[in-house]
Amino acid sequence: MLDKKKHPKVVIIGGGTGLPVLLRGLKKHPVDITAIVTVADDGGSSGRLREDMDIPAPGDIRNVLAALSDVEPLVEQMFQHRFQSKNELSGHSLGNLILAAMTSLTGDFVHAIQEMSKFLNVRGKVLPAANQSVVLHAEMDDGTIVTGESKIPFSGKKIKKVFLSPHHIKPLSETLQEIKQADLIVIGPGSLYTSILPNLLVPGLGEEVARSKAKKVYICNLMTQAGETLDYSASDHIKAIYDHMGNAYIDRILVNNEEIPTEIQQRYQAEYAKPVMYDVESLKMMGLEIIQERIFSYEGNVIRHDTKKVADLLYNMLVNETKSHIVP
């Protein structure tokens, strides 16, 4: 049983749009949250600032800070505001600019995040996967190399593996310590090759996750993603992680078990996306405990993980109350 004198520690690894959705629900529970966030983004405002200032990509960090913040809605809206003008500010997010400015003032990206966490009254700890600019590359099935996180999904080819440069990337010692102290490690949700694996591939970080005695749960994506996981089943997602890391260490997988409405599926057909197939037998053969629930909600015509439902399930795992959800 967990020590009731302190909040259980949850380490969540990811990026993109999936991680903030999950964190907005989880921060409402009595848990100690640490979010480890990818800094491999090279598109849009993040990419421009990364290139101009030689700093880690701030965009995913900004979204996570906003998700974990406890401030007036207007302050969060201001932090997330994106300029739409015809000058140099066009496309930039104010939060990205503030993080860049704070990095310049403090001389350190992690310190900048810490200061912004105070300003936004962040409920938890936000750490970059690496405190330096990293580049994501993909080797495709035909042997060609595509460089740049933003370019990989649009290559029109099947990904064989992804890898990072430069070679001397180091994780933060604080990140490794948080992983060691975790009661639960959550991987995902998010784009498999461009949001999740860029974290685990930081030398030493993925290995620390594998060594951790904490239970590890993978939150499976709801839909496949053209250019990354076209036609992938749930077990294909897990296999890709294992193939990159060289060992099997995930204990549980959380999957959606309710059919996504036809009208929503039709909307995604234009993106060559479809619901991720929940292949029970393959997952069982991999030794995974399967937690199955309806875990989606709608934002207009866009489908997202249900932040409250997923957060509740994760919290229940921490207090040993998930037996009724585990497939025998």
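Screening the candidates Ser117, Ser104, Ser150 for the property of being among the small types (Gly, Ala, Ser), assigned to a helix (DSSP H, G or I) and within 19 Å of the chain's Cα centre (by Cα) yields one hit, Ser117.
Being at negative phi and open to solvent by 80 Å² or more (accessible area, probe 1.4 Å) is the filter here, so list the residues in the range 264-283 that pass it. Step through it out loud before you land on a result.
Taking the range 264-283 as the starting set, the residues that turn out to be at negative phi are 264-271, 273-283.
If the condition is that a residue be at negative phi and open to solvent by 80 Å² or more (accessible area, probe 1.4 Å), then Gln266, Arg267, Gln269, Ala270, Glu271, Lys274, Met277, Glu281 are the ones that fit.
From the set of residues in the range 29-53 that are in contact (Cβ under 8 Å) with a residue 60 or more places away in the chain and over 19 Å from the mean Cα position of the chain (by Cα), which is surrounded by the fewest Cβ atoms within 10 Å (Cβ to Cβ)? Checking each candidate, the answer is His29.
For the range 292-305, how many residues meet the condition of being free of Cβ contacts under 8 Å to residues at least 60 places away in the same chain and either surrounded by 17 or more Cβ atoms within 10 Å (Cβ to Cβ) or part of a strand (DSSP E or B) (or both)? Talk me through it step by step, then tell me what you get.
Here is the first cut: in the range 292-305, the ones free of Cβ contacts under 8 Å to residues at least 60 places away in the same chain are 292-294, 297-302.
Add one more test, that the residue is either surrounded by 17 or more Cβ atoms within 10 Å (Cβ to Cβ) or part of a strand (DSSP E or B) (or both), and what stays is 292-293, 297-299, 302.
Going through the range 292-305 one residue at a time, the tally reaches 6.
Scanning the range 209-248 for residues that are within 16 Å of Ile12 (Cβ to Cβ) and aromatic (Phe, Trp, Tyr) returns a single hit, Tyr218. Filtering the range 54-68 to residues that are touching a residue at least 60 places away in the same chain (Cβ under 8 Å) and touching a helix residue (DSSP H, G or I) at 6+ places or on another chain (Cβ under 9 Å) leaves Ile55, Pro56, Ala57, Asp60, Ile61, Val64, Leu65. Considering Val21, Val64, Val71, Val75, the condition of being under 28 Å from Val310 (Cβ atoms) and assigned to a loop (DSSP other than H, G, I, E, B) is satisfied by Val71 alone. Just one residue in the set Val126, Val71 is within 19 Å of the chain's Cα centre (by Cα) and touching a residue at least 24 places away in the same chain (Cβ under 8 Å); that residue is Val126.
Among the conditions (1) over 17 Å from the mean Cα position of the chain (by Cα); (2) surrounded by 19 or more Cβ atoms within 10 Å (Cβ to Cβ); (3) not acidic (Asp, Glu), the only one that Gly25 does not satisfy is (1).
The set of residues from the range 54-81 being under 20 Å from Ser117 (Cα atoms), of a type in the set (D, E, K, R) and open to solvent by 50 Å² or more (accessible area, probe 1.4 Å) comprises Asp70, Glu72.
The values are calculated or read from the model by the stated rules, or taken from the named source; none is laboratory data. What you see is a predicted model, and the numbers here were worked out from it, not measured in a lab. We place every Cβ from the backbone using ideal geometry, glycine too, and count neighbours over all the protein chains shown. Remember, those area values only see protein heavy atoms, side chains included, never the ligands or the DNA or RNA. Shrake-Rupley method; radii C 1.70, N 1.55, O 1.52, S 1.80 Å.
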